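**Student:** To start, I am sharing the structure in question, which I have written as structure tokens.
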Amino acid sequence: MYCPVRPTSFRDLTCADARLEDVGKPATLAGWVNRRRDLGQLIFLDLRDRAGITQVVIDNADAPKAHTIAESVRSEFVVRVSGTIDKRLEGMGNDKLDTGEVELRATEIEILSAAKTPPFVINDPEAEVDESIRLKYRYLDLRREPLQQRIVKRGQLVQAIRDTHHAAGFVEIETPLLIKSTPEGARDFVVPSRLQPGSVYALPQSPQQMKQLLMVSGFDRYYQIARCLRDEDLRGDRQPEFTQLDLEMSFVDDTDVMAWVEEMALAVTQAVTPERPLLNTPFPRFTYREAIDRYGSDKPDVRYGMELHDLGELAAASGFRVFESVIDSGGRVFGFAAPGLGSSTRKQVDELTELARKAGAGGLVWLALDDEGGIRGSIVKIVGEEMAHKLAAQAGAARGDLVLIVADRDITAQEVLGTLRVELAERNQMYDRSILSYVWVHQFPMYHWDEDNSRWDATHNPFSAVMPEDQKLLTTNSGDPLVASADDPAGHARAQQYDIALNGWELGGGSVRFHTREMLAKSFSLMGHSAEAQEEQFSGILEAFEYGAPPHGGIALGVDRWIALLTDQSNIREVMAFPKTSSGSDLMLDAPSPVHADQLDELGLMLKPQPRAQER
Ligand code: ASP
């Protein structure tokens, strides 16, 4: 791990520096005892710091005082050792260490701090440790090589992001944490105000409004490594607080933002993981519709095939009632072929059916082709062999393949297959894990219908602008944007929204924004915000747009996800120094913790009794 030497009053080299050419030179090192071997007259210490490991040898014959101290030293003690760099004996070198040909012959040792026996082994990168113990003793976990290296890589990623943006004229600007709610579709964390009892700040779900206001101020190109907070349920790629590369640009359309992000992402990837091959440059661009119909996902992983195919026409004439009624009611029938899985057992297929159900489908239809041209499957008897073969061929199958078919509502059918596609590729290791594959998905629907509140809701960002050719669709059948219905033209409008995905994970998303008060207010109305509500929630940005706002757009990319993907981790906890558990706890600092009565008093707050919390 590269860590340049910077001599201090405690040491003159790091534990990775000593080489053959230093033999005979005096040196002082400081670090942790990674391992100690006591051979009687000789004691060996592997001394470790962030940079590496140097072997220290203490010979009772040369340095009896140091030898006595070395006898009392244990793993993880912090020590300072002085002596002379020496060549290791013939055949005793360690080619795994940069310092492996030499050792430090110690004449003095000073114990800087003793250590209890740690709750898990620090010096074995492979050691399996319970995650809650790792989180409680995070400072020790961070001493272990794999996590330490990932955190260093993360620093390199942020550095590369900064370098690339500065070189392109972006200004780094910090925005406040105590703000007013900015909706990103999650719950806010709120902070009660002591000076204004009864009022709260919201912690930013993103700096969205502020970065747009910076464009109104004329900053032209802004970026920030921004901390964002969203009070939502956690999973592997989510934490309550996370870090985004947040950026905004003026005088741009969607292609300009995508072009910058692509150039930047390539430069950053090259700087951080030059060894990983990139699948496609320029990054492929799919419309949302294409992504759904071909991959069953709005964040497609294109490192492997198994593309979906529309079987609608055949299904409608297949004689299979389920297919026909789905098609009649406006649903879709899609299928894909999994290469070489035609010999799957009944049990394996049942498992896939279960998965399809969990993903939201009513069921799963399968067809298995053998190597001799035969076909078996759940519907072969009903539709006949000829139709079964036709369906399989339409799904892209060859001999020996397994075909999976779902008939359901539009989008659901494709997404269920998308889930199965990913699952099969994972299980059967159908791709090279080292490959990085960035893709764009754009032209998302502006709104989705909110059944509960009878209104339209932004599919992504409420500030996103509509595609120019769809502007006329921003209407309701009633003529009043506040009186909406599920079949309004607005439901067909597409946004100037683009998402970037990496290896099947959503890495980021952004859009070109409305930059006139009139259009933004109109879109807010469609989302059910009355004029008064708009005034209360968004008066700042609406008013700002009356003072000359440039056309602008931006994006935010998840830094935690990005570095997790670059270091091949499936949980972002593995790339965060101090993450929280899935229930949002910090096990090391014991947060959240009960609030003190005097804090509540000062804030003018009272707690409601929490019967469920007491039961726990
Ligand atoms: N504010 C959006 C988000 O945090 C990103 C953007 O549209 O720039 O996801």
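The values are calculated or read from the model by the stated rules, or taken from the named source; none is laboratory data. If you're wondering where the values come from, they're calculated on a predicted model, not measured in any experiment. A quick note on method: Cβ atoms are made from the backbone with ideal geometry, for glycine too, and the neighbour counts reach across all protein chains shown.
**Student:** Which residues, counting only those in segment 146-176, are more than 22 Å from the chain's Cα centre (by Cα), away from the ligand (no atom under 15 Å from the Cβ) and either at positive phi or surrounded by 16 or more Cβ atoms within 10 Å (Cβ to Cβ) (or both)?
**Tutor:** Residue satisfying the conditions is 169 alone.
**Student:** What number of residues within segment 520-577 satisfy the criterion of being under 28 Å from residue 487 (Cα atoms) and either of a type in the set (Phe, Trp, Tyr) or touching a Gly at 6+ places or on another chain (Cβ under 9 Å) (or both)?
**Tutor:** Looking only at that region, the number is 2.
**Student:** Is it the case that residue 212 is assigned to a helix (DSSP H, G or I) and either within 14 Å of the ligand (Cβ to nearest atom) or of a type in the set (Gly, Ala, Ser) (or both)?
**Tutor:** Yes.
**Student:** Can you pull out every residue in segment 190-205 that is part of a loop (DSSP other than H, G, I, E, B) and within 15 Å of the ligand (Cβ to nearest atom)?
**Tutor:** 203, 204, 205
**Student:** Could you tell me whether residue 227 is within 15 Å of the ligand (Cβ to nearest atom) and touching a residue at least 24 places away in the same chain (Cβ under 8 Å)?
**Tutor:** So residue 227 fits the description; yes.
**Student:** Also, I was wondering about something else. From 458, 465, 501, 531, grab the single residue that is of a type in the set (Gly, Ala, Ser) and over 27 Å from the mean Cα position of the chain (by Cα).
**Tutor:** After applying the criteria, what remains is 531.
**Student:** Another one. Of the residues 368, 337, only one is on the phi < 0 side of the Ramachandran plot, surrounded by 22 or more Cβ atoms within 10 Å (Cβ to Cβ), assigned to a strand (DSSP E or B) and in contact with an Asp or Glu (Cβ under 6 Å, 6 or more places away or on another chain); which?
**Tutor:** 337
**Student:** Right, next: Among the residues of segment 467-506 satisfying the criterion of being within 16 Å of the ligand (Cβ to nearest atom) and assigned to a loop (DSSP other than H, G, I, E, B), which is surrounded by the most Cβ atoms within 10 Å (Cβ to Cβ)?
**Tutor:** Applying the filter and picking the extreme gives 496.
**Student:** Just the residues that are touching a strand residue (DSSP E or B) at 6+ places or on another chain (Cβ under 9 Å), part of a loop (DSSP other than H, G, I, E, B) and under 20 Å from residue 193 (Cβ atoms), please, taken from segment 573-609.
**Tutor:** Scanning segment 573-609 gives 592, 604, 605.
**Student:** Residues that are part of a helix (DSSP H, G or I) and either in contact (Cβ under 8 Å) with a residue 60 or more places away in the chain or hydroxyl-bearing (Ser, Thr, Tyr) (or both): does segment 85-94 have at least one?
**Tutor:** Looking for residues that are part of a helix (DSSP H, G or I) and either in contact (Cβ under 8 Å) with a residue 60 or more places away in the chain or hydroxyl-bearing (Ser, Thr, Tyr) (or both), one finds none in segment 85-94, hence no.
**Student:** Of all the residues that make up segment 548-571, how many are within 10 Å of the chain's Cα centre (by Cα) and under 18 Å from residue 205 (Cα atoms)?
**Tutor:** 5
**Student:** Of everything in segment 230-274 that's of a type in the set (Gly, Ala, Ser) and more than 20 Å from residue 496 (Cα to Cα), which residue is farthest from the ligand (Cβ to nearest atom)?
**Tutor:** That would be 271.
**Student:** Restricting to segment 553-572, and then to whatever is at pLDDT 95 or above and away from the ligand (no atom under 16 Å from the Cβ), can you tell me which residue is nearest to residue 162 (Cα to Cα)?
**Tutor:** 563
**Student:** Would you confirm whether or not segment 20-36 contains a residue that is modelled with pLDDT of 95 or more, farther than 15 Å from residue 143 by Cβ, polar (S, T, N, Q) and in a loop (DSSP other than H, G, I, E, B)?
**Tutor:** No, segment 20-36 contains no residue that is modelled with pLDDT of 95 or more, farther than 15 Å from residue 143 by Cβ, polar (S, T, N, Q) and in a loop (DSSP other than H, G, I, E, B).
**Student:** On the given criteria, is residue 175 farther than 19 Å from residue 48 by Cβ and in contact (Cβ under 8 Å) with a residue 40 or more places away in the chain?
**Tutor:** It is true that residue 175 is farther than 19 Å from residue 48 by Cβ and in contact (Cβ under 8 Å) with a residue 40 or more places away in the chain.
**Student:** State all residues of segment 442-461 that are assigned to a strand (DSSP E or B) and within 14 Å of the ligand (Cβ to nearest atom); if no residue qualifies, say none.
**Tutor:** 442, 458
**Student:** Anything in segment 282-308 that is over 21 Å from the mean Cα position of the chain (by Cα) and more than 17 Å from residue 422 (Cβ to Cβ)? List them, or say none.
**Tutor:** 282, 287, 289, 290
**Student:** Still on this model: Looking at 530, 464, 511, which is the one that is within 16 Å of the ligand (Cβ to nearest atom), out of contact with any His (no Cβ under 8 Å at 6 or more places or on another chain) and among the polar types (S, T, N, Q)?
**Tutor:** Only one candidate passes the filter, namely 464.
**Student:** Name the pairs: first residue in segment 372-394 and at negative phi, second residue in a helix (DSSP H, G or I) and loosely packed, with under 15 Cβ neighbours inside 10 Å, Cβ to Cβ under 7 Å, at least 6 apart or on different chains?
**Tutor:** Close Cβ pairs satisfying both conditions: 375/385.
**Student:** Right, next: Residue 61 passes all but one of (1) surrounded by fewer than 18 Cβ atoms within 10 Å (Cβ to Cβ); (2) of a type in the set (Gly, Ala, Ser); (3) under 47 Å from the mean Cα position of the chain (by Cα); which number fails?
**Tutor:** Every listed condition holds for residue 61 apart from (3).
**Student:** Continuing with the same structure: Is at least one residue of segment 50-70 in contact with a Phe, Trp or Tyr (Cβ under 6 Å, 6 or more places away or on another chain) and assigned to a loop (DSSP other than H, G, I, E, B)?
**Tutor:** no
**Student:** Looking only at segment 280-295, decide whether some residue is more than 19 Å from residue 562 (Cβ to Cβ) and within 16 Å of the ligand (Cβ to nearest atom).
**Tutor:** yes
**Student:** Would you tally the residues in segment 408-441 being assigned to a helix (DSSP H, G or I) and touching a residue at least 12 places away in the same chain (Cβ under 8 Å)?
**Tutor:** 14
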